[in-house]
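Enquirer: Below is one structure. I have some questions about it.
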């Protein structure tokens with residue numbers, strides 16, 4: 001089974017200075033639609049739901065949850081360093097949207113869950129890369145691109161899981 005995190009170290013969480021606009025933008029990867037908080041909740045849910053019938057998949061989901069929880073911590077700390085507040089919220093313009101459990105895809109269809117997860121991981125990767133490029137802060141860039149490596153690894157891991165499931169069925 002593939003690892004849930006890249007083997008390279010994470011850079012220190014720091015920023016060149018305060019940037020509340022960037023801190024607000026990080027709300028998307030922190031607690032937005034494809035954010036870390038939702039990924040943690042989703043993977044823990046899937047780890048529980050699929051444990052009996054698909055124990056190997058359950059284990060993989062829980063390993064993914066641990067990595068996403070580490071990302072949640074890192075991004076939350078970065079938001080603070082940038083002068084923001086790590087509320088479980090994202091912004092749509094000036095409107096703050098708080099995260100809620102309704103954003104976790106429920107159900108017991110493993111194939112559907114894996115495809116949904118794959119889409120969310122690809123989206124998370126794109127979001128991290130986009131924010132990193134726009135940040136103009138070398139410390140922020142380093143941390144976000146490192147996290148993006150994990151998100152890319154997650155897409156590979158999910159593709160392997162999807163292929164394996166297709167062979168089982």
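Enquirer: What are the radius of gyration and Dmax of segment 1-40, computed over its Cα atoms and given in Å?
Expert: In Å, with Rg to one decimal and Dmax whole: 13.4, 40.
Enquirer: Tell me, 126, 8, 90, 58 in order of fewest to most beta-carbon neighbours within 10 Å?
Expert: Placing the least packed residue first, the sequence is 8, 126, 58, 90.
Enquirer: When only alpha-carbon atoms are used, what values of Rg and Dmax, in angstrom, describe segment 7-76?
Expert: 14.8, 49
Enquirer: With each label point set 7 Å from Cα along the Cα-Cβ vector, what nm distance links residue 126 and residue 77?
Expert: About 3.0 nm, to one decimal.
Enquirer: Roughly speaking, what % of Cα-Cα pairs in the chain are separated by over 30 Å, rounded to a whole number?
Expert: Tail of the P(r) past 30 Å holds 17 percent of the pairs.
Enquirer: Separate question: Applying 1/(1 + (r/R0)^6) with R0 = 30 Å to the Cβ-Cβ distance of residue 94 and residue 69, what FRET efficiency is obtained, to the nearest 0.05?
Expert: According to the calculation, E is roughly 0.55.
A short reminder: the numbers here are calculations on the coordinates, not readings from a lab. Note that the coordinates shown come from a computational prediction; the quantities given were computed from them, not determined experimentally. Here Cβ is always computed from backbone atoms with ideal geometry, including for glycine, and neighbour counts include all displayed protein chains.
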